[in-house]
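Worksheet: one structure, shown below.
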Amino acid sequence: MKSGYSSEITVLLHVCAVELSEDRKSQLTHFLKHHSLDWERLYTLANWHRLTPFVYQILQDISGVPENFLIKLRNECRHSAIDTLLKQREYHQVTELLSTHGIAHVTYKGVYLAENFYPSGNLRICGDIDILVGKEEAPKAIRLLQSNQYHLNQLHTSYWSHNDYSLLDDLPEVSLFKPFFGKGNQFDIDLHWSIVCFNKHYKSFSLSDFQAHPDFFAELQVVLLVTHHGLTDLWQ
């Protein structure tokens, strides 16, 4: 397990798997026995990269892991599992709403990946719900979501109050939120009609890109994760 990284990053990389072979478990056990870890830093890194379910799933069966660290991970995983279930339910309601009103769309990233590409949805920590619609149907989709308790954020409200064309021409997406279960809790939707890749003059993805290659939807998901987040998150 020589990686050239810190002990915490090395462990984090090692546990990014659905399951470990007995040989890899032995390697990890040996590494933990002979290396000093900052468990608080490992927990912070796992949270930052949204990998706490993977860390807990693997390390709960490895000797030498502090009990208080596992308890902290378990509590975090319970919270994220409930959060994912709530978002999956909302995701299905929203996609059914759009379909019922004849709005063509695709969902991608977080909630979609959790349900369709992970062996267990609980392994994927989800943020907002990302939906891609055609540019011409974006205003209809926004109004439909607003009629179902969703609200535009302050910035996008100012664009929206001006006119549809200002919003569509100046922005590739809007953010909407829907409060639930009291103060401080909300569902978030990023409604896209264009997904920028590196910069909008180089390449942007539209709904037609997905519709043209339905057999490669999983591959397009990977391309979007790499190119879109490489831009917006500065490769963090």
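Taking the helices alone, the chain has a mean residue ellipticity at 222 nm of -16500 deg cm²/dmol, built from -39,500 (n - 2.57) per DSSP H run of at least 4 residues and averaged over all its residues. The Rg/Rh ratio of region 145-192, with both radii computed over alpha carbons and Rh defined as the Kirkwood radius, is 1.01. Backbone N atoms of region 42-67 closer than 19 Å to the 7 Å Cα→Cβ label point of Glu19 belong to residues 53-63.
Taking 22 Å as the limit for the C-alpha separation, the pairs Lys140/Lys178; Lys72/Lys109; Lys178/Lys203 exceed it in the case of Lys72/Lys109; Lys178/Lys203. For His92, the accessible surface of its heavy atoms amounts to roughly 80 Å² (probe 1.4 Å, protein chains only, rounded to the nearest 10).
For the chain, how big is the tail of P(r) above 26 Å, as a whole percent of Cα pairs?
Value for the chain (Cα pairs over 26 Å): 48 percent.
Taking the convex hull of the alpha carbon atoms in region 59-197, what volume per residue do you get, in Å³?
So the per-residue hull volume is 143 Å³.
Taking every protein chain into account, the 1.4 Å probe leaves Arg78 with about 140 Å² of accessible area, to the nearest ten.
Of Thr100, Thr107, the residue with the largest accessible area leads and the full order is Thr100, Thr107 (1.4 Å probe). With R₀ set to 41 Å, the beta-carbon distance separating Asn75 from Thr157 gives a calculated FRET efficiency near 0.65.
Given H placed 1.01 Å from N in the peptide plane, which residues other than close sequence neighbours of Phe187 have an amide H under 5 Å from its amide H? Excluding prolines and chain starts, which carry no amide H, the hits are Lys178, Phe180. Cross-link partners for Lys87 among the aspartates and glutamates, with Cα-Cα distance under 16 Å and sequence neighbours closer than 8 places in the same chain left out: Glu96, Glu115, Asp128, Asp130, Asp188, Asp190. Here the label points at Ile82 and Glu219, each 7 Å from Cα along the C-beta direction, are separated by 4.2 nm in the simple model.
The accessible-area ordering, largest first, of the residues Asp130, Asp164 stands as Asp164, Asp130, per a 1.4 angstrom probe. Shown are Val94, Val196, whose ranking by accessible area with a 1.4 Å probe and every protein chain present, most to least, is Val196, Val94. By a 1.4 Å probe calculation restricted to protein chains, Arg143 has an accessible surface near 120 Å², given to the nearest 10.
Here the gap between Asp170 and Ser147, fully extended at 0.36 nm per residue and compared with their Cα-Cα distance, gives a gain of 5.9 nm. Any chance you could give the angle, 0 to 90 degrees and rounded to 10, that helix 67-100 forms with the longest Cα principal axis of the chain? Compared with the principal axis, the helix lies near 20 degrees. The Cα atoms of region 1-116 define a convex hull whose projected area, averaged across directions, is 8.5 nm².
The values are calculated or read from the model by the stated rules, or taken from the named source; none is laboratory data. This is a predicted model, so every value here is computed, not measured. Neighbour counts run over all protein chains shown; Cβ positions are idealised from the backbone, glycine included. To get the accessible areas, we keep the full protein, side chains included, count just its heavy atoms, and leave off ligands, DNA and RNA. Shrake-Rupley method; radii C 1.70, N 1.55, O 1.52, S 1.80 Å.
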